[in-house]
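Below is one structure, written out as structure tokens; comments come after it.
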Amino acid sequence: MSETPEADSTTPQSPMTAGQSLPAASLPREVPAAPRKTGRRAPALRRTIFDLKTAVLMRRDRQALAAMRVIDVSSGAEVSRLTDERSAAIALHAFRFTPYYRRRFEDAGFTEADVARPENFASLPILTKQDVHDAGDALVASDRPARDRLVSRTGGSTGRPLVVYNDRSAPTAAMWWRIYGWWDVHPGDDSAFIYRQSRAGLRRLSHAVQWWPTRQILLDARGTTDADVERFLVELARVRPALLVGYVEGVTEFARRVQATGAAIPPLTAVSVTASMLQSGQRELIEAVLGVPVYDTYRTAEIPWVAAQCRERNGLHVLADHRRLEVVDAAGAPLAAGETGDVLVTDLSNHAFPLVRYAIGDRTRSLAGECGCGRPLPRIAPIEGRVADALRTPGGRLLSGGLGSLFVDNPGTIAQFQIQQRADFSVVVRYVPVGDAAASAAAGRAAAEKVAGFLSHEVPVTAEAVTEIENIGGKARMVVSDLAI
Ligand SMILES: [Zn+2]
């Protein structure tokens, strides 16, 4: 089985990859065995077939999910012990098998024995995006085969393209199966997505065959017209999915249109959003129109599935058995619960391209106390600092997401870019050229043409070389809009 429709090289990374695998007995414990009374057709059969298929094809993920479910009912002390143990283990692995970390840790005065001690972990050097950019393949672990590396490109909210690798042998599928379970959604249930279409033709057909009988429908967030929404509504009524997943802006815009037209939406179980900060007005709108809870998730191209809300929706639970999340101040010192700072994430299950104490460019604060759901996983407040990257046309077309990969086809031509939409709807793609000036200029023109195409050529789009991109609050935004919305 392969990834779900949202996955492409620049979105939050593929939840389901080949060779991964749910304990046969059961998917997440909250999932009711009986079909729902919502008129959906045979969800129990779909679930059974999904379980049978994954028991054979994704055995490792099934085993990983079983272990995660044990963690979900353990204690805070047990989770903390496991996080510490695995943090030290990944740091040691990085030290042993990547030239970058060995040099970096040694330069900071750490021996191999020091790195192996959990109490030293929070003193190890921080890995910045610039470091990842500069280190390149020196971050690749020498003991893992190349087939374990899944390339993942991030344009990210800073507009700076970065190539990283996810670990194919990590139990990434089990992570989203676990989180779906928190929401009473079974991974074999039908789903709807408001994302970018990332596969076409045979690839799309092959994906549908792999997922059979689970059905997935998509509203392409790259450019959405009334006709597109109309088609999507017809599909929703036919498939009656349990879950709707999408970018915040895309789902909000969809909810707005549904509200404006009074269209009927079949009952969903949950809505899940990602990729930008969910503001409370958006949550209220989506929940009022779609009539189900909206769950915020923290997913990134570099580290898939970092944290997610449970049904309490009181902060996001960090998947602390597979990710360590630290909140630090500008000097790198740890902050107490409630204090907002920079996020450092360590992927405890990426052995192919270790990311240890990675400053991912997001800000949040950790939350004290226990969650009402009883899960011992630590919680953070919703991410601050990610920005909604939306462009609009006078005709009502909305482009939400899909901009991070503008320069992916022309690697090495720019250092950074930013898109500004002016109050008259015109758009300018600003980029900081590197290397050959002619190649950079051509890449800039190509990016502007792409954006113009996404916006159906309704508005003028130009490219402009600049020496630097303006930073606001220490973080360059990928999209700056002067439109009054
Ligand atoms: Zn909870």
*When a/c is below 1.5 the answer is rounded, else prolate if a/b is larger than b/c, else oblate, so apply that to region 311-391 with a ≥ b ≥ c taken from the square roots of the Cα gyration tensor eigenvalues.*
rounded
_Descending Cα extents along the principal axes, region 212-358, whole Å_ = 51, 35, 28
*Can you sort S191, S169 so the residue with the fewest Cβ neighbours within 10 Å comes first?*
S169, S191
*How big is D for region 42-97, in µm² s⁻¹ as a whole number, if Stokes-Einstein is applied with the Kirkwood radius of its Cα pairs at 10 °C and 1.306 mPa s?*
115
*Summing +1 for each Lys or Arg and -1 for each Asp or Glu, what net charge is found among the other residues whose Cβ lies under 10 Å from the Cβ of L335?*
-3
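Values in this text are rule-based calculations from the coordinates and carry no lab data. From a predicted model like this one, the values you see are computed outputs, not experimental measurements. Virtual Cβ from ideal backbone geometry, glycine too; neighbours counted across all protein chains shown.
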